[in-house]
Amino acid sequence: MHKIPDTFCPAKWDELYVSFEMNYAYSCCKGKTTKFTDTVLEFVDRERWAMLQGQQDPSCDYCWNVEQEGGKSLRHHHLEKFNADTFSYYKHNSVQPKLVQVSLGNECNFQCTYCNPKFSSQWEHDVNTRPYQVFSDRFFYAIDPKQPDVMENNIKFLGGFNHIGTLSIIGGEPLFNKKFFYLIDTVNADELQLSTNLAVKQDTLDRFLRACNKFNLVTLRVSIDATGSIAEFTRHGLDYAVFCNNLNYLIANAPANLKIIIGSVMSSITIRDLSEFSKMVIPLLGKQVDWHLDYCRDPKIQSMHTLPDHYKTDILDELVKLEKFDIRGVDMLQSVVANTTFNRILHQELKHFMQEFSQRKNIEIPLCLD
Ligand code: SF4
Ligand code: SF4
């Protein structure tokens, strides 16, 4: 049997993240992003080679730092589950990745307040027309140069694999992308994962439900964080009534291999609607529907640093009520709401930003920000 080098980590082969829009590729969600010029794996292949030579490649500093301090790194966790008999496939670079994530580019029909030009073409257009007066989050709204032919490159790249364990797709809004169905028709994967804003016509939804047939498992993360006018403001482009119809239709017609995750990234604005929002989500939870709660870190002006203290008691009470359900992220959100200190400067910036946003869109801010 081949000796496994001390610096080996299977995730360097098992996971692959690629964006043809930005020309970046990296293996493992904790690996350093590299910008390729000629071939997608030009850096990743070098990193794999270094790993096999017993070198601590800097792309994995995330793990080396943990290990240097005597801790158990993500690499250690991967190695615990690794079947050593398969090492020779890794050594000869002949393993197929278990997880491949591709970006479809930033085409999106929404302009959510906490999104940015990298993920939303609506944001890109808005910032290109006239930049926002932002201070703490100025890098968040930067527009990076983009490469053309993103979908063609994705289709060609994914077609090069005999088989993929899980294909994960990020956008933009995948269901808004005209070549999305062609892409998933051509790729050979067991599982599919993607996020959607669900602002689609019913025939698109029907087409998606039919497309699920070719996979063993499809995990669809439906993004929503509030109800009514607050949802329509923070997820600009959303028609809340249409969204609810689509969500109910999706759940009613979901094939057995479709897992639906209601994904909520709570900002200092949307968390104020948690009580109403919970009333909408809880009745939907069940065998095929989960709820994952997360919180906004960037832009900083929409993080919990701009949640005035006098709202916290009610929100924490509401979070206690959610403890009895099987919802991911409740404890994390409790800790973040309770422990994040209010920042007056960021809060002023939030108010300026929301005023500008609402003026540009000719809409009302649906709640008092103080
Ligand atoms: S060593 Fe760590 S950072 Fe590198 S691929 Fe493995 S898990 Fe990822
Ligand atoms: S729907 Fe998603 S990609 Fe589109 S603007 Fe909102 S958060 Fe960004």
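A short reminder: the numbers here are calculations on the coordinates, not readings from a lab. As the structure is a prediction and not an experimental result, all values here were calculated from the model. With ideal geometry, Cβ positions are generated from the backbone for all residues, glycine too; neighbour counts draw on all protein chains shown.
Between residue 42 and residue 181, the FRET efficiency estimated from the beta carbon spacing at R0 = 25 angstrom works out to 0.25. Look at the alpha carbon pairs under 8 Å that are at least 6 residues apart: their mean separation over the length of the stretch 229-317 gives a relative contact order of 31 percent. For residue 358 and residue 241, what does the FRET efficiency come to when R0 = 22 Å and r is the distance between their Cβ atoms, rounded to the nearest 0.05? The computed FRET efficiency comes out at 0.55. What separates the Cα centres of the stretch 256-317 and the stretch 326-344 is a distance of 10 Å. With Cα atoms as the point set, the chain shows a radius of gyration and Dmax of 21.9, 68 Å. Using the charge dipole of the stretch 11-82 (Lys, Arg: +1 at Cβ; Asp, Glu: -1 at Cβ; taken about the Cα centre), state which of 79, 29, 58 has its Cα farthest towards the positive end. It is 79, whose Cα lies furthest towards the positive end. Can you give me the angle between helix 150-159 and the longest principal axis of the chain, using Cα atoms only, in degrees from 0 to 90, rounded to the nearest 10? Helix 150-159 sits at roughly 40 degrees to that axis.
If you average the sequence gap of Cα pairs under 8 Å that are 6 or more apart and divide by the length of the chain, what percent do you get for the contact order?
13
Each residue, residue 81 and residue 369, gets one label point 7 Å from its Cα in the Cβ direction; the gap between the two is 4.2 nm. Subtracting the Cα-Cα distance of residue 161 and residue 276 from 0.36 nm times their residue separation leaves 36.8 nm of extension gain.
Counting other Cβ atoms within 10 Å, keep those with at most 16, restrict to DSSP loop, and tell me which trypsin sites (Lys or Arg not before Pro) in the stretch 270-321 are left.
Numbers: sites: 272, 279, 287, 297, 300, 312, 321; in loops: 287, 297.
Hits after loop and neighbour filter: 287, 297.
Based on C-alpha pairs under 8 angstrom that are at least 6 apart in sequence, the stretch 11-82 has a relative contact order of 22 percent. Using a Gaussian network model of the chain in which every pair of alpha carbons under 10 angstrom is joined by a spring, one finds that among 173, 67, 152 the greatest mean-square fluctuation is at 67. Distance between the C-alpha centers of the stretch 231-248 and the stretch 115-132? Whole Å please. Measuring centre to centre over Cα atoms gives 21 Å. Annotation: aspartates and glutamates with alpha-carbon distance below 18 angstrom to residue 12 (same-chain offsets under eight excluded): 42, 45, 47, 57, 61, 67, 80, 85.
Pairs spanning more than 26 Å between alpha-carbon atoms, out of 118/178; 118/287; 30/98; 32/72; 179/361: 118/287; 179/361.
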